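Structure, as structure tokens:
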Amino acid sequence: MSGEFDDDVEAEQTISINEYLNDVEEKELEADLVLGGDEGKECTYSKGYMKRQAIFSCLTCAPEGNAGVCTACSLTCHDGHEIVELWTKRNFRCDCGNSKFGEFFCKLFPSKDVENAENSYNHNFKGVYCTCNRPYPDPDVEEQVEMIQCCICEDWFHEEHIGLEPSDEIPRDDEGEPVYEDFICKACSAVCSFLSTYPQTIWAAGLRRNAGCNTNKDKDVLEEIPSAGGSGKLENGICSNGSPREDNAIANTSAESVTGGKGVTGESSKKIFDLVQCMNDGGVHTACLFGDNIVADGSISLTKPLFLSKNWRATLCRCKKCLSMYEQKRVSYLIDEEDSIAEYERTAKQKREEKLQQQEGAELTFLNKLGHVEKMEILNGIADMKDEFHNFLQSFDPSKAITSDDVHQIFENLAKKRRRE
């Protein structure tokens, strides 16, 4: 019985080389997405207030949580310290070594201003998140759950603490994957009350299973799950017959669901539909199509968490009036493509691919620079290793797992062979 149990444990710990390599590649990709392709070799201070970068808080040097450092400084200057990984922050400049660190100086870029006045800090820098002010990972919780980041305040929230109404839910597809690009928390939704004037296409919505376009004559809207921030259709998955009557009906329905039935009716809905047509046709408008109906004075207040559909930022009006409003509300970054997490990760993937291509090119260059003798030695070494592995596998019991001792023995045999030669 004991032997069978040991075999089961040993089988669970067995992993193939392909599985191991795939796991390593996934972890490297995940790290690149968080770090934005930053290899952590140089302090980013000289780049000024970066639109988005990975930031860390050192509680050893700044226990009050009022400072943040870049990737390179977290690795070089704060190695061995109590570090809080904050993922990414916008419009941030590395604080390492400034007045907040006392007599501690940055090893990579010591000449820094006393303070970075434009940096913003929240309780995340103290290592706590959400309205519950708990750390992540939470030592008092057995199973850690993923958190959602607000694209305005950049705080992180547990799903059960975002303030959803009983009738609302987080937009997900049939497989449970989120179908929204950005999330705005309940507190920040009031700042973005102007979004209630926009057509329903900016709101993310999940579909019921087997839900599709309703072709009944007496129903002109899609069957969909109500979602926080209003219902709506996405570009990837929610279908529409494309009729102006249906699109306009859905736009009216969504606007009422977000604003509580206020604000967007009659001529206003016509302007919203015109804006939808303008955006679909790729047109660029110089005058605001919302006219006086844009919610700039906060007359319609949103007080619920919002989930925005993919590419929703591209639909934001860019007339002078709206640009001024974004400036007043301090949300001008919403119309900057480089601010979004999606764009940040796309850039990181591109940098990763370029780095891998450079590595492959460097390997080929190295081989091409070798003489004939060196190339033959490398090829002979590869052939010897293949033969040794082949001989090992032929004599090895396939019912057993390969251990680290077995691998060490293979390389010991190769070393003995080289010494004999």
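The values are calculated or read from the model by the stated rules, or taken from the named source; none is laboratory data. The structure displayed is predicted, hence computed values, not measured ones. Cβ placement follows ideal geometry from the backbone for every residue including glycine, while neighbour counts extend to all protein chains displayed. To get the accessible areas, we keep the full protein, side chains included, count just its heavy atoms, and leave off ligands, DNA and RNA. Shrake-Rupley method; radii C 1.70, N 1.55, O 1.52, S 1.80 Å.
Database remark: amide H of Lys51 closer than 5 angstrom to the amide H of Asn91 (H placed geometrically; neighbours at sequence offset of 5 or more, or on other chains; Pro and chain starts carry no H).
Taking amide H as placed 1.01 Å from N in the peptide plane, the amide H of Cys130 sits under 5 Å from that of Trp156, each at least 5 places away or on another chain. With all protein chains kept in place, the per residue accessible area of segment 357-401 amounts to 86 square angstrom at a probe of 1.4 angstrom. Accessible surface of Glu354, taken over heavy atoms with a 1.4 Å probe and every protein chain present, rounds to 90 Å². Computed from the alpha carbon positions, the gyration tensor of segment 14-100 leads to an equivalent ellipsoid with semi-axes of 28, 15, 10 Å, biggest first. Dipole magnitude for segment 342-387: computed about the Cα centre from +1 point charges on Lys and Arg Cβ and -1 point charges on Asp and Glu Cβ, it is near 200 debye. Karplus-based coupling profile of segment 378-393, in residue order and whole Hz: 5, 5, 5, x, 5, 5, 4, 5, 4, 5, 5, 5, 4, 5, 5, 5, with θ = phi - 60° in 6.51 cos²θ - 1.76 cosθ + 1.60 and x standing for Gly or Pro. Quick one: which residues, 5+ away or cross-chain, put their amide H under 5 Å from the amide H of Asp182? H built at 1.01 Å from N. Counting only residues 5 or more places away or on other chains, the set is Leu308. Computed 3J(HN,Hα) for segment 338-352, one whole-Hz value per residue from the Karplus formula 6.51 cos²θ - 1.76 cosθ + 1.60 where θ = phi - 60°, is 6, 7, 6, 5, 4, 5, 4, 6, 4, 5, 4, 5, 4, 4, 5, glycine and proline marked x. Taking trypsin sites (Lys or Arg not before Pro) across segment 328-421, the ones in a DSSP loop with at most 11 further Cβ atoms lying within 10 angstrom of their Cβ are Arg330, Lys400.
Normalised by the number of residues in segment 94-152, the mean separation of alpha-carbon contacts (under 8 Å, six or more apart) gives a relative contact order of 18 percent.
For segment 188-195, putting each phi into the Karplus relation 6.51 cos²θ - 1.76 cosθ + 1.60 with θ = phi - 60° gives couplings of 7, 5, 5, 5, 9, 4, 4, 5 Hz, in residue order, rounded to whole numbers and with x for Gly and Pro. Using the Cα centre of segment 18-171 as origin and beta-carbon charges of +1 (Lys, Arg) and -1 (Asp, Glu), tell me which of Cys150, Gly127, Ser46 is placed farthest towards the positive end of the dipole. Projecting each Cα onto the dipole axis, the largest value belongs to Ser46.
Ligands, DNA and RNA are left out, and with a 1.4 angstrom probe the accessible area of segment 17-97 is 49 Å² per residue. Quick check: at a probe of 1.4 Å, how many percent of the accessible area of segment 58-135 sits on carbon and sulfur atoms? Here it works out to 49 percent.
A straight line joining the Cα centroids of segment 311-332 and segment 93-159 runs 27 Å.
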